[in-house]
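The values are calculated or read from the model by the stated rules, or taken from the named source; none is laboratory data. Not measured: the values here are computed from a predicted model. Cβ placement follows ideal geometry from the backbone for every residue including glycine, while neighbour counts extend to all protein chains displayed.
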Amino acid sequence: MINLKDFEKDCLYKTEIRHLIEISNLAYKNWEICWTNFFPSYIQEEILNKFHNLVDLSYFVYGGYVNADRVKIACFRKSIQPSTKDLVSSFAAKGFNISGNFLFDNASQDDFRNFLINHKINKNMIGDIWTLGEKGAQGIIDFNQDIQNQNKYFLRDVEVNIKFLDLTELRTPIERVSKFINSVEASTRIDAIASAGFRISRSKIIDKIKNGLLYLNGLKVNKATINLKVGDKIRFQNKGIIEIVEMEKTKRERWKIKLLKK
């Protein structure tokens, strides 16, 4: 069995570590493939680094589609050796479609996520959500989560319909290819770096920050003047993640920055 103290030290995400250890011990005991709740992808990268030397256990990360921002981790004994196909087939989640007329009342990913949470869906059981413009949104949810049957639902003043789907029926976001981006900026402020990484103007980035659509290391950003450092990850809803790989001050007092866009 895994000792919690061996993994919890110097880790920012102690709750997630404890959950992964619980699932790992369950997989070890029962000789089964066991899945965690949904984690933000940047968290799983850090905590799995602490588990890579385990002799008997292996891990597989999946969020329902390639490049998902929120993922589950499958834990299993190495001696079982399931195929990728078997692991994906065991992924305990389903898709959902929330449809309504949002032409005059735009809704964000957070609006749809809060809608589900307000209907007693555990936030840790909700995977990615992506908007479909004026038509609503789709997303991924744990297989064991459901909404009570009732005739009507409302998101703010918009009447919506909810339908659960097989994952293959979802219109998932376009697969993103990871690439490096090099930029020279006057500062290390988040609005400057996010503008360079996501290829949109600083004024639009500031608007996104005001609307709560930008996240730094998993936390919603509330000001554009935050200075960043190597290793920081910025997530922009529906636009992926940029990670700061290198930072170097030039002779002209500017910043040469290397980003990884995922």
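Residues in the stretch 17-29 that are closer than 13 Å to residue 48 by Cβ, in contact with an Asp or Glu (Cβ under 9 Å, 6 or more places away or on another chain) and in contact (Cβ under 8 Å) with a residue 24 or more places away in the chain: how many?
Residues flagged as closer than 13 Å to residue 48 by Cβ, in contact with an Asp or Glu (Cβ under 9 Å, 6 or more places away or on another chain) and in contact (Cβ under 8 Å) with a residue 24 or more places away in the chain within the stretch 17-29 amount to 1.
Of 66, 61, which residue is surrounded by fewer than 19 Cβ atoms within 10 Å (Cβ to Cβ), assigned to a loop (DSSP other than H, G, I, E, B) and in the same structural domain as residue 35 (by TED's automatic domain parsing)?
Values: 61 fails: assigned to a loop (DSSP other than H, G, I, E, B).
That would be 66, the only listed residue that is surrounded by fewer than 19 Cβ atoms within 10 Å (Cβ to Cβ), assigned to a loop (DSSP other than H, G, I, E, B) and in the same structural domain as residue 35 (by TED's automatic domain parsing).
Against the condition part of a helix (DSSP H, G or I) and in the same structural domain as residue 59 (by TED's automatic domain parsing), how does residue 72 come out, does it pass? Steps first, answer last, please.
Numbers: part of a helix (DSSP H, G or I): no; in the same structural domain as residue 59 (by TED's automatic domain parsing): yes.
So residue 72 fails the test.
Considering only residues that are of a type in the set (Val, Ile, Thr) and out of contact with any Leu (no Cβ under 8 Å at 6 or more places or on another chain), which ones fall in the stretch 64-96?
So in the stretch 64-96, the residues of a type in the set (Val, Ile, Thr) come out as 66, 71, 73, 80, 84, 88.
Answer for the stretch 64-96, where residues must be of a type in the set (Val, Ile, Thr) and out of contact with any Leu (no Cβ under 8 Å at 6 or more places or on another chain): 66, 71, 80, 84, 88.
Go through the residues of the stretch 178-192 one by one and say whether even a single one is at positive phi and out of contact with any strand residue (DSSP E or B) (no Cβ under 6 Å at 6 or more places or on another chain).
In the first step, residues of the stretch 178-192 are kept if they are at positive phi; the result is none.
Checked against the condition, which is being at positive phi and out of contact with any strand residue (DSSP E or B) (no Cβ under 6 Å at 6 or more places or on another chain), the stretch 178-192 yields no hits at all.
When you scan the stretch 168-262 for strands (runs of 3 or more DSSP E) that lie fully inside it, which ones turn up with 3 or more residues that are modelled with pLDDT of 90 or more?
Numbers: elements: 179-185, 214-216, 233-236, 240-249, 255-261.
Where strands (runs of 3 or more DSSP E) fall fully within the stretch 168-262 and carry at least 3 residues being modelled with pLDDT of 90 or more, they are 179-185, 240-249, 255-261.
Looking at the stretch 43-53, is at least one residue surrounded by fewer than 16 Cβ atoms within 10 Å (Cβ to Cβ), over 16 Å from the mean Cα position of the chain (by Cα) and either within 22 Å of residue 167 (Cα to Cα) or not polar (S, T, N, Q) (or both)?
Yes, the stretch 43-53 contains at least one residue that is surrounded by fewer than 16 Cβ atoms within 10 Å (Cβ to Cβ), over 16 Å from the mean Cα position of the chain (by Cα) and either within 22 Å of residue 167 (Cα to Cα) or not polar (S, T, N, Q) (or both).
Give the residues of the stretch 102-120 that are among the acidic types (Asp, Glu) and part of a helix (DSSP H, G or I), sorted by residue number.
Of everything in the stretch 102-120, those that are among the acidic types (Asp, Glu) and part of a helix (DSSP H, G or I) turn out to be 110, 111.
Right, residue 105: within 21 Å of residue 164 (Cα to Cα), acidic (Asp, Glu) and surrounded by fewer than 20 Cβ atoms within 10 Å (Cβ to Cβ) or not? Reasoning before the result, please.
Values: within 21 Å of residue 164 (Cα to Cα): no; acidic (Asp, Glu): yes; surrounded by fewer than 20 Cβ atoms within 10 Å (Cβ to Cβ): yes.
Considered against the rule, which asks whether it is within 21 Å of residue 164 (Cα to Cα), acidic (Asp, Glu) and surrounded by fewer than 20 Cβ atoms within 10 Å (Cβ to Cβ), residue 105 comes out as no.
Which residue out of 185, 159 is in the same structural domain as residue 126 (by TED's automatic domain parsing), in contact (Cβ under 8 Å) with a residue 40 or more places away in the chain, over 25 Å from residue 39 (Cα atoms) and not aliphatic (A, V, I, L, M)?
Numbers: 185 fails: in the same structural domain as residue 126 (by TED's automatic domain parsing).
Of 185, 159, the one residue that is in the same structural domain as residue 126 (by TED's automatic domain parsing), in contact (Cβ under 8 Å) with a residue 40 or more places away in the chain, over 25 Å from residue 39 (Cα atoms) and not aliphatic (A, V, I, L, M) is 159.
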